[in-house]
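The values are calculated or read from the model by the stated rules, or taken from the named source; none is laboratory data. Computed from a predicted model, the values in this text were never measured in an experiment. When we count neighbours, we look across all protein chains shown, and the Cβ atoms used for this are built from the backbone with ideal geometry, even at glycine. Heads up: the accessible areas ignore ligands, DNA and RNA and are worked out on the full protein's heavy atoms, side chains in. Shrake-Rupley method; radii C 1.70, N 1.55, O 1.52, S 1.80 Å.
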Amino acid sequence: MKFKFWGTRGSIPIPGEKTIKYGGNTTCIEIITNDDDLIILDTGTGIHALAQDLLQHMPIKAHILITHTHWDHIQGLPFCTPIYIPGNEFIIYGGKDVITNMGIERALQVQLQQAFFPIAENNLKAKVSYKNVVPNEQFVIAGATITPVILNHPVINFGYRVDCDGKSLFFTGDYEQQFNIYEPEDTEYSEFQAMIDLSVDSLVDLIQGVDALIMDSSFTAEEYTQKKGWGHSSYDAAIELAKRANVKQLFLTHHEPTRTDANLDQIYTELLKNYPDLGFELHIAQEKLEITL
Amino acid sequence: MSQISEQEILDCIEKMPAFPKSVSKIIELTSSMDSSAKDIIAVIEGDPVMTGKILQVMNSAFYSLPTKITSIHRALVIIGLNTIKNLAISIAVIGVLRPYKEPHFDSDLFFSDYFIAGLLHDFGTIVFTEFKAEEFEHALAESSINKSSLYLAETKYLGMNHAQVSQILALKWGLSEVIAESIACHHQNVPNNLLSSCIFTANQIAKQAQLGNSGNPVIEILSAEQIAIFGVPFNELIEELGDISLIKETVHHFIGT
């Protein structure tokens with residue numbers, strides 16, 4: 001199994017000379033199994049470049065796993081050219097929206113309304129189908145076992161563990177570990193903390209020993225104090241989780257929009273200095289970076 | 001007199017709106033970026049309809065969670081504050097959510113189970129007030145004149161008592177069998193049901209302390225088994241609690257009286 005980053009930016013695409021190295025496109029990760037099956041994690045603007053690549057290999061069958069429906073994770077979908085070409089097949093997986101009870105088909109339908117996009121849903125000439133994922137309910141696609149788990153974010157967000165060809169990776173989507181909303185002197189503090197600990201423990205169990213952990217890490221520890229509750233993790237939180245779970249490699253992604261290549265280089269240097277004995281490989285996710293597990 | 005059926009109760013509950021006071025409070029709190037999570041959770045927890053409906057969603061087949069979610073806190077850890085807030089707003093504004101499938105899990109007792117059981121155990125009386133007012137008036141009058149327990153009069157006039165209605169509601173909202181069963185028998189002495197004994201005893205304490213009686217003024221006697229649970233007879237238990245004026249004040253503040 002190998003994977004490749006096509007989009008590493010959080011929130012909004014940031015093209016320009018300051019984001020050439022790490023990339024300006026929003027989240028999209030391509031997974032290719034040893035049997036050449038295609039799985040795509042999220043469809044941010046990075047999928048446009050991936051789609052250009054896929055045009056060379058048609059007909060294609062792609063399994064798309066959507067972590068959540070915030071724009072930066074779905075906005076590239078209408079620009080995925082093979083979706084308009086007959087003979088291709090797309091199976092889109094994602095969670096139900098708890099408020100409307102609607103399935104993941106909403107991610108595309110909302111974007112293809114005539115006021116927002118010139119092409120209507122009935123013009124999708126590829127075969128497109130949708131499947132709702134259920135938390136903790138494993139399913140198999142293209143020889144890969146997928147384990148979805150809900151991770152805290154301001155909207156329902158699924159982290160996906162992918163096991164294939166004897167290798168494993170876990171992608172968090174957007175994730176911030178729930179913090180205690182109570183003060184230590186509040187009576188509810190201890191019980192609530194115990195619930196949080198239980199939830200983190202179960203995540204650690206799920207991702208124990210994965211070959212690659214790809215994690216939302218948008219903020220420095222200092223920035224995080226101002227951005228608590230925004231639904232994103234700090235670099236330090238990602239490292240802490242990776243350590244506890246004994247992962248082999250950690251990829252920090254969902255780069256904060258104002259972060260330049262120089263900023264990210266500097267952050268990487270500082271992290272290596274602050275954590276001299278990591279026990280795993282640390283990477284900053286970079287557009288077009290391809291990893292074979 | 002018309003007897004109420006289980007299906008009728010379920011239909012009534014589906015129509016039940018959240019309490020107006022918490023609806024306006026939720027809208028107010030969620031309109032401000034500065035509202036604390038603590039405050040929002042406190043309002044949701046204080047409204048049994050809102051609490052029940054959120055737990056119903058959490059315990060639906062969609063989430064397929066390995067343990068039943070019996071408190072808003074546990075829901076918060078799983079789906080986060082924003083989704084809880086959005087669910088609460090939907091319930092506040094729309095009144096009802098689309099139906100979800102029934103759950104089938106069970107859980108151990110948490111502190112929050114006592115809270116939920118305490119909050120919901122008399123909810124059946126609200127269903128009666130809302131949808132079977134005339135029959136319930138008769139039951140209240142008979143209970144008051146005869147100084148007899150209300151639940152017996154309810155059974156006579158409605159074919160079912162409020163504890164049984166509350167049980168149906170608890171199961172409908174996806175709460176555990178333990179909570180539902182404890183609610184159902186909170187007027188009886190059921191051996192080995194700690195939660196039920198706690199509700200029963202707390203009820204008698206509330207009446208003794210004049211915190212409220214839910215239309216049922218009769219203070220019932222604790223059984224030997226219930227006394228054994230607390231280690232002392234009822235009057236000593238009251239004495240041990242000491243000055244409960246602060247608790248009384250908190251309760252009144254909580255329910256907005």
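Summary of values
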| item | result |
| --- | --- |
| Derived scalar couplings ³J(HN,Hα) [segment A:221-230; Karplus, 6.51 cos²θ - 1.76 cosθ + 1.60; whole Hz; x for Gly, Pro] | 4, 5, 4, 4, 4, 8, 10, 4, x, 7 |
| Highest to lowest packing among B:172-185, A:215-228, scored as the average C-beta count within 10 Å | B:172-185, A:215-228 |
| Net charge contributed by nearby residues that have their C-beta within less than 9 Å of residue A:38 (K/R +1, D/E -1) | -2 |
| Antiparallel bridge percentage (DSSP; both residues within chain A; nearest 5) | 50 |
| Distant-in-sequence amide H partners of residue A:92 (H built 1.01 Å from N, under 5 Å) | A:64, A:129, A:130, A:131 |
| Average accessible surface area per residue within segment A:1-62, 1.4 Å rolling probe, Å² | 40 |
| Helical segments meeting 15 Å axial Cα length and Kyte-Doolittle -0.5 threshold in chain A (DSSP H) | A:189-207 |
| Approximate spin-label separation residue A:185-residue A:208, in nm, with each point projected 7 Å along Cα-to-Cβ | 4.0 |
| Average other protein chain Cβ within 10 Å of Cβ, residues B:38-46 | 1 |
| 20 Å Cα-Cα reach of residue B:132 towards aspartates and glutamates, excluding residues that sit fewer than 8 places from it in its own chain | B:6, B:8, B:11, B:14, B:122, B:142, B:154 |
| Options B:79, A:275, A:124, ranked by Cα towards positive dipole end of the protein assembly as shown, top entry (Cβ charges) | A:124 |
| Number of partner chain Cβ atoms within 10 Å, mean per residue of B:71-79 | 6 |
| Inverse of mean 1/r across different Cα pairs in chain A, Kirkwood, Å | 19.5 |
| Entries of A:18/A:288; B:25/B:172; A:228/B:38 with Cα pairs more than 19 Å apart | B:25/B:172 |
| Whole-Hz couplings from phi, Karplus 6.51/-1.76/1.60, listed for segment B:163-179; x for Gly and Pro | 5, 5, 5, 4, 5, 4, 4, 4, 5, 4, 7, x, 6, 5, 4, 4, 5 |
| Heavy-atom SASA rank of B:194, A:124 (probe 1.4 Å, accessible area, largest first) | B:194, A:124 |
| Estimated buried accessible area (total), pair A and B, 1.4 Å, Å² to nearest 100 | 2300 |
| A:187, A:258, B:201, reordered so the largest accessible area comes first (probe 1.4 Å) | A:187, A:258, B:201 |
| GNM flexibility winner over chain A from A:61, A:125, A:273 (Cα, springs under 10 Å) | A:273 |
| Listed residue (A:221, A:148, A:56) projecting farthest to the positive dipole end of segment A:2-292, Cβ model | A:56 |
| Positive dipole terminus of chain A, leading residue within A:40, A:22, A:184 (C-beta point charges) | A:40 |
| Extension gain, residue A:36 back to residue A:145 (0.36 nm per residue minus Cα-Cα distance, nm) | 37.7 nm |
| Net charge of neighbours whose Cβ lies under 11 Å from the Cβ of residue B:26, counting Lys and Arg as +1 and Asp and Glu as -1 | 0 |
| Net charge of Cβ neighbours under 14 Å - reference residue B:40; Lys, Arg +1; Asp, Glu -1 | -3 |
| Net charge dipole size for the protein assembly as shown [Lys, Arg +1 and Asp, Glu -1 on Cβ; Debye, nearest 20] | 1440 |
| Nearest-10 value in Å² for the accessible area of residue B:74, using the 1.4 Å probe | 20 |
| Whether segment B:138-221 is rounded, prolate or oblate, judged on the alpha carbon gyration tensor where a/c under 1.5 counts as rounded | oblate |
| Aspartates and glutamates with Cα under 16 Å of residue A:131, excluding same-chain neighbours fewer than 8 positions away | A:42, A:89, A:97, A:105 |
| Accessible area of segment A:2-292 belonging to carbon and sulfur atoms, whole % at 1.4 Å probe | 50 |
| Shielding by partners - mean other protein chain Cβ count within 10 Å, residues of A:184-195 | 3 |
| Radius of gyration, Dmax [the protein assembly as shown; alpha carbons; angstrom] | 27.3, 87 |
| Anchor residue A:127: lysines whose Cα lies under 22 Å away (excluding residues fewer than 8 positions away in-chain) | A:61, A:96 |
| Point-charge dipole on Cβ atoms (K/R +1, D/E -1) for chain A, about Cα centre, debye to 20 | 1040 |
| Members of B:85/B:207; B:21/B:53; B:21/B:248; B:21/B:207 lying beyond 28 Å, as alpha-carbon distances in this model show | B:85/B:207 |
| Per residue value of the accessible surface for segment B:18-98 (all protein chains in place, 1.4 Å probe), Å² | 34 |
